[in-house]
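Let me begin by presenting the structure, written as structure tokens, before commenting on it.
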Amino acid sequence: MARLTDLRFRATTALQRNLVNPISRRMPFQTLLETTGRVSGLPRRTPLGGRRVGDAFWLVSEFGERSQYIRNIQADPRVRVRLRGRWHEGTAHLLPDDNAVARLRTLPRGNSAAVRLIGTGLMTVRVDLRG
């Protein structure tokens, strides 16, 4: 089972890294999470789905701590989120004890369905937005 999970992770991340993300990042109203690369120190932009609720943006990472943007957040929680074409600064909080499956029910359906289908290590993230 672990081998199948690892294969799914590698296939999904390769597809996202080489095809889906480069196209999605160019779409003007795609939600993006910008982290700082933990090794390079360069901005890293990841297309994702989630929902703003008040001054917080909620998302669920499909691979949890295996996701590169989660590792970047662990190194530096200061992030930016692009919502509807506008950038917002914030601080990301990893919430491994949150019920990620229940959280997905409160987020946009299409993205949530994909995360549930593909994900193998779900983790909730809350970004406290400033401005």
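The values are calculated or read from the model by the stated rules, or taken from the named source; none is laboratory data. Keep in mind the model is a prediction, meaning the values are calculated, not measured. Virtual Cβ from ideal backbone geometry, glycine too; neighbours counted across all protein chains shown. The area values use the complete protein model at the heavy-atom level, side chains included, leaving out ligands, DNA and RNA. Shrake-Rupley method; radii C 1.70, N 1.55, O 1.52, S 1.80 Å.
Just a few scattered comments:
- When restricted to residues that are within 8 Å of the chain's Cα centre (by Cα) and closer than 14 Å to ARG80 by Cβ, the stretch 51-68 contains 1.
- Counting residues in the stretch 74-89 that are surrounded by 18 or more Cβ atoms within 10 Å (Cβ to Cβ) and of a type in the set (Gly, Ala, Ser) gives zero.
Residues checked against (1) in contact with a Gly (Cβ under 9 Å, 6 or more places away or on another chain); (2) modelled with pLDDT of 95 or more:
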site: GLU34; (1), (2): no, yes
site: ARG52; (1), (2): no, yes
site: ARG80; (1), (2): yes, yes
site: LEU107; (1), (2): yes, yes
site: SER112; (1), (2): yes, no
site: VAL115; (1), (2): yes, no
site: GLY119; (1), (2): yes, no
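- Residues of the stretch 41-73 classified as farther than 18 Å from LEU104 by Cα and open to solvent by 20 Å² or more (accessible area, probe 1.4 Å), total: 11
- Condition met for PHE57 (at pLDDT below 95 and of a type in the set (Phe, Trp, Tyr)): no
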